[in-house]
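Chemist: Please read through the structure below; I'll follow up with questions.
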Amino acid sequence: MNIAVIGTGYVGLVTGSCFSEMGINVTCVDIDSQKIQDLKQGIISIYEPGLEELVKRNSKAGRLKFTTDLASSLDSADVVFSAVGTPPDEDGSADMRYVWEVARTIGQNIHNYVLVVTKSTVPVGTALQVKAIIKEELLKRNVDVPFDVASNPEFLKEGTAIKDFMGPDRIVVGVESEKAKKLMERLYKPFTLNNYRTIYTDISSAEMIKYAANAMLATRISFMNDIANLCRIVGADVNMVRRGIGSDSRIGSKFLYPGCGYGGSCFPKDIKALIKLAANNDYNMQVLQAVEAVNENQKTILFRKLLALFGGNLKDKTIALWGLAFKPETDDMREAPALILIESLLQAGCEVRVYDPAAMEESRRRLGDRVYHAIDMYDAVLDADALCLLTEWKEFRLPAWAVIKKTMRTPVVVDGRNIYDKEEMESYEFVYDCI
Ligand code: NAD
């Protein structure tokens, strides 16, 4: 089977390399010629465990190819996946320009049947609009080439993307023709052999499943942050509360961790897009508006804690940050809580020293020399007045506190992910605060 995957970002590159690992011939297409040049040489611009080996192995085997030329890769493709970005537009809705552009190019270039599958996270109605655009282009060419559209949203998580794609909880496929269903069944057969569940739906429902899934997960996070803030006021321990409710099988323990707010390339934009989709249809998503408001507030909590600890004035203080990426095992800093904290600290007149195991290059690109980029986690805390933990990377779990205590100017630790033990921290005579 031959497929083309358009867009070689997190989703497209993982999709393409995992399908090729299953013996399918894959052509990955991107408009970014530098990215394609790099990929041809096995150079990957994102940090994702296991991805580089997969790309190199399958490229060498001749099953995985890279090109900027979508038109020519269409001729041999049975299925075309569109995995281009859908960033937030100014009003919060999904910016669909890349999706429409891909649809137009497909309509302008297909000569034989192809199944066009949208993998990007897109508002309900997108696949039908993709279909209309392709038809319009075919009409302009005065040709009648058969094609189908389908929706196959992606649930991979950055940091465990390969594992998630290879062993998904479920595969969701929205189709409107038997032929499209058969093609998707065939394509996913190597995965379903391992008994992974495939859920076939109509196209609109598949599109909605992706947004609803992210909205539910974000809701759990904001809910727990709200509970954590109330725990603090009334004298309860949110860590105990989390364990107490997470052991209820109706609730489950995942995504119940309070912290300094959710970020990343998906939750913030998808919540906004769903609220906007509802508003465009005269419906008010009240729960999700609250989810967003709680999250915005939570992203400022570490700064407020620092202000309180230093008597309302942070001028000339040196603050160390551990963790810049929006979560561990990725270098992705899109909408990361660290960015909001750094801006507030700089505005308050602080010197900021940062360290992250993967995101230093990305941080340098974004922040330049406005902050000090430390060599390692211990360099970051040198002469610091306070240390803030923002991303719960494994290497931050068991630091040498005795060493750190000696190198910091004042022993203050603000734990944005609740990974340290209060009693242990106090035994080292740290002033310790958490969520
Ligand atoms: P990304 O920004 O990392 O990559 C998108 C790629 O598409 C870029 O390389 C860009 O150059 C390319 N592109 C844009 N227009 C193109 C065109 N006309 N032809 C060819 N290539 C083109 O995006 P991503 O993080 O991979 O996300 C893609 C989609 O998947 C989004 O809708 C996102 O919401 C969704 N999604 C992302 C994740 C995630 O964890 N990143 C998970 C699930 C779903």
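Chemist: What ³J(HN,Hα) values, in whole Hz, does the Karplus curve 6.51 cos²θ - 1.76 cosθ + 1.60 give for the stretch 427-435 when θ = phi - 60°, with x put for Gly and Pro?
Modeler: 5, 8, 6, 8, 7, 10, 9, 8, 8
Chemist: Can you give the accessible area per residue of the chain, in Å², using a 1.4 Å probe?
Modeler: That works out to 46 Å² per residue.
Chemist: If you wrap a convex hull around the Cα atoms of the stretch 2-201, how much volume per residue is inside, in Å³?
Modeler: On the way: hull volume 23.8 nm³, N = 200.
In the stretch 2-201, the Cα hull volume divided by residue count equals 119 Å³.
Chemist: Have a look at GLY92, GLY244, ILE171 and report the one farthest towards the positive end of the charge dipole of the chain, computed about the Cα centre with Cβ charges (Lys/Arg +1, Asp/Glu -1).
Modeler: ILE171
Chemist: Separate question: Identify, among SER17, THR160, TYR188, the residue whose Cα sits farthest towards the positive end of the charge dipole of the stretch 2-201, taking +1 on the Cβ of Lys and Arg and -1 on the Cβ of Asp and Glu, with the dipole about the Cα centre.
Modeler: Farthest towards the positive end: TYR188.
Chemist: Specify the inter-centroid distance of the stretch 241-285 and the stretch 289-339, based on alpha-carbon positions, in whole Å.
Modeler: Value for the Cα centre distance between the two parts: 19 Å.
Chemist: Sticking with this one: Return the single residue from ASP270, ASP38, ASP30 with maximal mean-square fluctuation; model: Gaussian network over the chain, springs between Cα atoms under 10 Å.
Modeler: Among ASP270, ASP38, ASP30, the largest mean-square fluctuation in the Gaussian network model of the chain belongs to ASP38.
Chemist: Using Cα pairs under 8 angstrom and six or more residues apart, how large is the relative contact order of the stretch 190-287, in percent?
Modeler: Worked out over the stretch 190-287, it gives 28 percent.
Chemist: Hey, can you grab everything whose amide H is under 5 Å from the amide H of VAL172? Only 5+ residues off in sequence or another chain; H modelled, so Pro and N-termini drop out.
Modeler: Long-range HN contacts for VAL172: ILE199.
Chemist: Report the residue, chosen from GLU361, GLU329, GLU158, that carries the largest GNM mean-square fluctuation when the chain is represented by alpha-carbon nodes joined by springs under 10 Å.
Modeler: Taking springs between Cα atoms under 10 Å, the residue moving most is GLU361.
Chemist: I would also like to ask the following. Apply the Karplus parameterisation 6.51 cos²θ - 1.76 cosθ + 1.60, with θ equal to phi minus 60°, to every residue of the stretch 396-406 and state each ³J(HN,Hα) to the nearest whole Hz, in sequence, with x for glycine and proline.
Modeler: Values, residue by residue: 8, 6, 10, x, 7, 4, 4, 5, 4, 4, 6 Hz.
Chemist: Only helices at least 30 Å long along their axis, Cα-based, and averaging 0.0 or more on Kyte-Doolittle count here, so list those DSSP H runs from the chain. Write down the numbers at each step before the final one.
Modeler: Details: long enough: 203-234 (47 Å, 0.67).
Taking the DSSP H segments of the chain (at least 30 Å long, mean hydropathy at least 0.0), we get 203-234.
Chemist: With Kirkwood's inverse mean 1/r over C-alpha pairs for Rh, give me the Rg to Rh ratio of the stretch 187-280, two decimals please.
Modeler: 1.09
Chemist: What share of Cα pairs, in percent, lie more than 29 angstrom apart in the chain?
Modeler: Cα-Cα pairs of the chain separated by over 29 Å account for 52 percent.
Chemist: Give me, ordered by chain and number, the residues 5 or more places off GLU335 or on other chains with an amide H under 5 Å from its own placed amide H.
Modeler: Amide H neighbours of GLU335: GLY264.
Chemist: GNM on the chain, C-alpha springs below 10 Å: top fluctuator among THR118, THR160, THR27?
Modeler: THR160
Chemist: For the stretch 301-434, what relative contact order do you get, as a whole percent, if you take Cα pairs closer than 8 Å and at least 6 residues apart? Before the final figure, lay out each step's value.
Modeler: Numbers: 254 pairs, mean separation 33.7, N = 134.
Relative contact order for the stretch 301-434 comes out at 25 percent.
Chemist: Would you work out which of ASN225, GLN298, PRO411 lies farthest towards the positive end of the dipole of the chain, given +1 charges on the beta-carbon of Lys and Arg and -1 on that of Asp and Glu, about the Cα centre?
Modeler: It is ASN225, whose Cα lies furthest towards the positive end.
Chemist: About its Cα centre, what dipole magnitude does the stretch 301-434 give when the only charges are +1 on Lys and Arg Cβ and -1 on Asp and Glu Cβ, stated in debye to the nearest 20? Don't jump to the answer; show the numbers that get you there.
Modeler: Working: 18 positive and 24 negative charges, 68 e Å.
Approximately 320 debye in magnitude.
Chemist: What is the sum of charges, Lys and Arg at +1 and Asp and Glu at -1, for the other residues whose Cβ falls under 15 Å from the Cβ of SER72? All intermediate terms of the calculation are to be shown ahead of the outcome.
Modeler: Details: positive: LYS65; negative: ASP30, ASP69, ASP75.
Surrounding charge for SER72 is -2.
Chemist: Moving to a separate point now. For the chain, what does the relative contact order come out to in percent, with C-alpha contacts under 8 Å and a separation of six or more?
Modeler: The normalised contact order for the chain reaches 11 percent.
Chemist: Work through the residues other than ALA83 whose Cβ is under 9 Å from its Cβ and net out their charges, Lys, Arg +1 and Asp, Glu -1.
Modeler: Within the 9 Å Cβ shell, the charges total 0.
Chemist: Sort ARG353, ARG170, ARG57, ARG97 by accessible area with a 1.4 Å probe, largest first.
Modeler: Values: ARG353 30, ARG170 60, ARG57 120, ARG97 140 Å².
Ranked from most to least accessible, the order is ARG97, ARG57, ARG170, ARG353.
Chemist: Give me the percent of accessible area attributable to carbon and sulfur for the stretch 301-434, probe 1.4 angstrom.
Modeler: Here it works out to 49 percent.
Chemist: What length, rounded to one decimal in nm, is gained on full extension from LEU398 through to SER205, with 0.36 nm per residue of separation minus their alpha-carbon distance?
Modeler: Going from the current span to full extension adds 65.0 nm.
Chemist: On the accessible surface of the stretch 211-298, probed at 1.4 Å, how many percent belong to carbon and sulfur atoms?
Modeler: Numbers: 2710 of 4560 Å².
Roughly 59 percent, rounded to a whole number.
Chemist: Rounded to the nearest 10 Å², what accessible area does GLU362 have for a 1.4 Å probe in the complete protein model?
Modeler: 40 Å²
Chemist: Give me the accessible area of MET377, 1.4 Å probe, in Å² rounded to the nearest 10.
Modeler: 10 Å²
Chemist: Assign unit charges at the C-beta atoms only (+1 for Lys and Arg, -1 for Asp and Glu), then state the dipole size of the stretch 2-201 relative to its Cα centre in Debye, rounded to the nearest 20.
Modeler: So the dipole magnitude of the stretch 2-201 works out to roughly 720 debye.
Chemist: Rounded to the nearest 5, what is the percent of antiparallel bridges among the DSSP beta bridges in the chain? Please report the intermediate quantities before stating the final value.
Modeler: Details: 3 of 48 bridges.
Looking only at bridges with both residues in the chain, the antiparallel portion is about 5 percent.
Chemist: What's the center-to-center distance, using Cα atoms, between the stretch 373-410 and the stretch 101-132 in Å?
Modeler: Distance between centres, Cα-based: 49 Å.
Chemist: A further question follows. I need the phi-derived Karplus couplings for the stretch 411-422: 6.51 cos²θ - 1.76 cosθ + 1.60, θ = phi - 60°, integer Hz, Gly and Pro marked x.
Modeler: x, 10, 10, 10, 9, x, 10, 6, 9, 9, 9, 4
Chemist: Another question, if that's okay. Might you report the magnitude of the Cβ-based charge dipole of the chain about its Cα centre, with Lys and Arg at +1 and Asp and Glu at -1, to the nearest 20 debye? Write out the running numbers ahead of the final one.
Modeler: Details: 52 positive and 59 negative charges, 137 e Å.
Charge dipole, the chain, about its Cα centre: 660 debye, nearest 20.
The values are calculated or read from the model by the stated rules, or taken from the named source; none is laboratory data. As the structure is a computational prediction, the values presented were derived from the model and not from experiment. Counting neighbours? That spans all protein chains shown, and the Cβs are built from the backbone with ideal geometry, glycine included. Just the protein is used for accessible areas: all its heavy atoms, side chains included, with ligands, DNA and RNA removed. Shrake-Rupley method; radii C 1.70, N 1.55, O 1.52, S 1.80 Å.
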